[in-house]
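In what follows, a structure is listed as structure tokens, so that the remarks can point back to it.
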Amino acid sequence: MPFAGGAPSAVLMRTAVGAYLGWLFAASVLAGCVAPAPLAPYKVVGDTVPEVLVATPGDPSRGRAISAGRDANCLLCHSVPESDQPFMGDIGPPLAGVGLRLSAAQLRLRIVDAAVLNPDTAMPPYYRVSGLRNVAAQYAGKPILTAQQVEDVVAYLQTLR
Ligand code: HEC
């Protein structure tokens, strides 16, 4: 139906502009989700990263799932004292009792970047984006784990006592 006069089309224009701005807003929110977030700054002190990477406390049950999941793949190289994990590797030391052997701050550095302690380590740096080789394009600029996931894994490892 054709519009008569200027008023309806002005309304239409405003609606169109509003919709466009709304779309722009949605698009920028989406872009914010997919753009690689910069790493949280952290400081290595001795063999530790003493400060948490994010304020939200780590969740051990999420950390347990992350450790066994495909991104972190910790169980490719480590065993954990969990009877429901049938396939576990022995390239790295067993993680049973690691929560007694190492503090949260020591565990954090091992997850963030084990190569700080042993440049020849087989263990991947889970929270580093520089100095990596053969990174697939979709992972460029992104750490393997988010800051929150690192804290979740640290919280889980602390339960292994
Ligand atoms: C490709 C093999 C590999 C993967 C994957 C791996 N690690 Fe390791 N990890 C090692 C090795 C090897 C060591 C022994 C120290 C070294 O060589 O740096 C180690 C050491 C550790 C240590 C110190 C243990 C101790 O008793 O001193 C912890 C904790 C640890 N890894 C946790 C993890 C967690 C959690 C993940 C997954 C997020 C993981 N590792 C993934 C190979 C691996």
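Read-outs throughout are calculated quantities, based only on the coordinates presented, and are distinct from any laboratory measurement. All values reported here derive from a predicted model rather than from experimental measurement. All Cβ positions, glycine included, derive from the backbone under ideal geometry; neighbour counts span all protein chains shown.
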### Query
If you take the Cα atoms of the stretch 60-158, find Rg, then find the Kirkwood Rh from the mean of 1/r over all pairs, what is Rg/Rh?
0.94
### Query
If you plug each phi of the stretch 50-55 into the Karplus form 6.51 cos²θ - 1.76 cosθ + 1.60 with θ = phi - 60°, what whole-Hz ³J(HN,Hα) values come out, in order, with x for Gly and Pro?
x, 8, 5, 7, 9, 6
### Message
Just to be sure I understand the model, the point goes 7 Å from the Cα along the line to the Cβ. What's the resulting N73 to I91 distance in nm?
### Response
0.7 nm
#### Entry: Calculated FRET efficiency for the pair V54/L132, C-beta based, R₀ 25 Å, to 0.05
0.70
### Query
What is the calculated FRET efficiency for K142 to S103, with r their C-beta to C-beta distance and R₀ = 30 Å, to the nearest 0.05?
0.60
### Query
How large is ³J(HN,Hα), in whole Hz, for each residue of the stretch 145-161 in order, when computed from phi with the Karplus curve 6.51 cos²θ - 1.76 cosθ + 1.60 and θ = phi - 60°, using x for Gly and Pro?
10, 6, 4, 5, 5, 4, 5, 4, 5, 4, 5, 5, 4, 5, 7, 7, 10
